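So the structure is just underneath, and the comments pick up after that.
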Amino acid sequence: MERKRQREIAIGAGAAVIFAIAAYRISTTTAPAPDPTVSQSVATGVAGAAGQQPANQKGQVTDIDLDSLRTGRPGPVGSRRNPFGFKPKPAPPPPPSTASRGPTPPPMPVPTGPVQPPPPPRITLKFIGTMESGRAGKYAILTDGRGLPIYGKEGQVIEGRYRILRIGVESVDLAYLDGRGRQTIRQTGQ
């Protein structure tokens, strides 16, 4: 305990010595002498602001030319800036004309030929899951969202218009009866 107290006293004494040295250095540093013209202009401004007459270097009061104070000041010359007005930015210049660039390439030819039939509409069924039976096999469970679930095996026709092509773990492949419009429906929806 005694040792701790001695350490605190030593640290405090060291801090006091450092503070004393800093105070001595600050008080002994000499500041440069002020410029007399600067101090006179400051004194003139302070005296004028206080309503007193300015004094010269010897402390004597000088005369003020009141006529020069009554004359008007010149306004800004040639300024079109109005900080209180708003004007939209000017429109950008028009793009250069195409006539100056040279000849225009001919348009791309449009392919002619037989019109392709539109693709079949999407199959709107949703895959709910699978059901396996030991002797019957694997069934896909589908729904159209309107009624009871629809069950079917691979290769079987459902709803009279779709054929089940493959039943996977998380998806089922369906196609229209004519073989077009094959679609994979995942278990999470479409």
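Calculate the spin-label point distance for Leu165 paired with Ser27, positioning each point 7 Å from the Cα along the beta-carbon direction, and give it in nanometres.
For the pair Ser27/Leu165, the computed spacing is 10.1 nm.
How much length, in nm to one decimal, is gained on full extension between Val77 and Lys89, taken as 0.36 nm per residue of separation minus their Cα-Cα distance?
Full extension from Val77 to Lys89 adds 1.9 nm.
Cα atoms only: what Rg and Dmax, in Å, come out for region 147-190?
Radius of gyration, then largest Cα-Cα span, for region 147-190: 10.1, 27 Å.
A short reminder: the numbers here are calculations on the coordinates, not readings from a lab. Computed from a predicted model, the values in this text were never measured in an experiment. Note: ideal-geometry Cβ built from the backbone for every residue, glycine included; neighbour counts use all protein chains shown.
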